[in-house]
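Before any comments, here is the structure.
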Amino acid sequence: MKAWLEETQGPGFELFRHFLRRFFASESVTTTGNTATVLAGLLPMVAQLFFLMILPLRRKYQMLSASPSPDVFRNAVLADELWLITLMAGAVGLLTAIRWRSLLPELQDIRALAALPVTPLQIFIAKAQALLLVAAGGLIILNTLPTVLLPALSSGAYALPRPLLERVFAHALASAVAGATTFATLLALHGVLAQCLPPRLFSRVEGLVQAALVALMLATIVLSFSASLDVMTRALREGWATWLPPFWFVGVYQQIAGIADTHTMQMASKA
């Protein structure tokens, strides 16, 4: 396999490999241009963050298991789902915003590869394939720990009616769809701006939009930790949950986990 990878393959694969390397070697993130090193340092931090939350979550659900009604326990699970789904969407959005300038093929990409026997369409497809692979890998890495930990820690007498594996699947699907939707939305925004704005204006606006998106996603990550049952109840009662995508994906989770109601159906239909 290693020998095969070292050989020169067809133009499509070589373009794909070129753009895949570009995603992990860019001067737009660090002065050394080594994004892979930065990501490798962030992954242990993410893992440590979730492992630090194991004990508080376990104690919380142990205390709630002693309550006379299962409603308090299950509502706490939904509040934690809202927190983790919002956190996932914000994390994916932040990573996408950081790599904002690399989402679509740039004019310099086409010029740099103009001497090769490839077409602009081949360049676009290869970069899209590399981008999708990186995005899928990021979703899997960010989603693995919370997908396993929350359903496992919220097991017990008052656990949601579905078996553990179904609850794991419900969280994995809802969280992954939330992250994928965030990624696709930012990608579409980048494409619309690139098509609608003149090149000179786009080059000026691009940096401002990137800064605004980074700030927005950082705020989303911070606000995710304020998710609670009171927030969910108020959002559903006053109707503004309809305009907040994380609530849509909580509705998807509820449907799969077997606790669907009228509000759940409305939220899930938005997703």
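Each reported figure results from applying straightforward, stated rules to the coordinates on display, with no laboratory input. Just so it is clear, the model here is predicted, and its values are computed rather than measured. Note: ideal-geometry Cβ built from the backbone for every residue, glycine included; neighbour counts use all protein chains shown.
A few comments on the model shown:
- Note that the stretch 59-64 has calculated 3J(HN,Hα) couplings of 5, 4, 6, 5, 5, 5 Hz, one per residue in order, obtained from phi through the Karplus relation 6.51 cos²θ - 1.76 cosθ + 1.60 (θ = phi - 60°); glycine and proline are x.
- For the stretch 122-206, taking Cα atoms only, Rg and Dmax work out to 18.8, 62 Å respectively.
- Neighbours of residue 226 by Cβ distance under 13 Å: Lys/Arg scored +1, Asp/Glu scored -1, total -1.
- Extension gain for the segment residue 141 to residue 215, taken as residue separation times 0.36 nm less the Cα-Cα distance, is 24.4 nm to one decimal.
- Rounded to 0.05, the FRET efficiency of the residue 238 and residue 71 pair, given R0 = 25 Å and the Cβ-Cβ distance, is 0.75.
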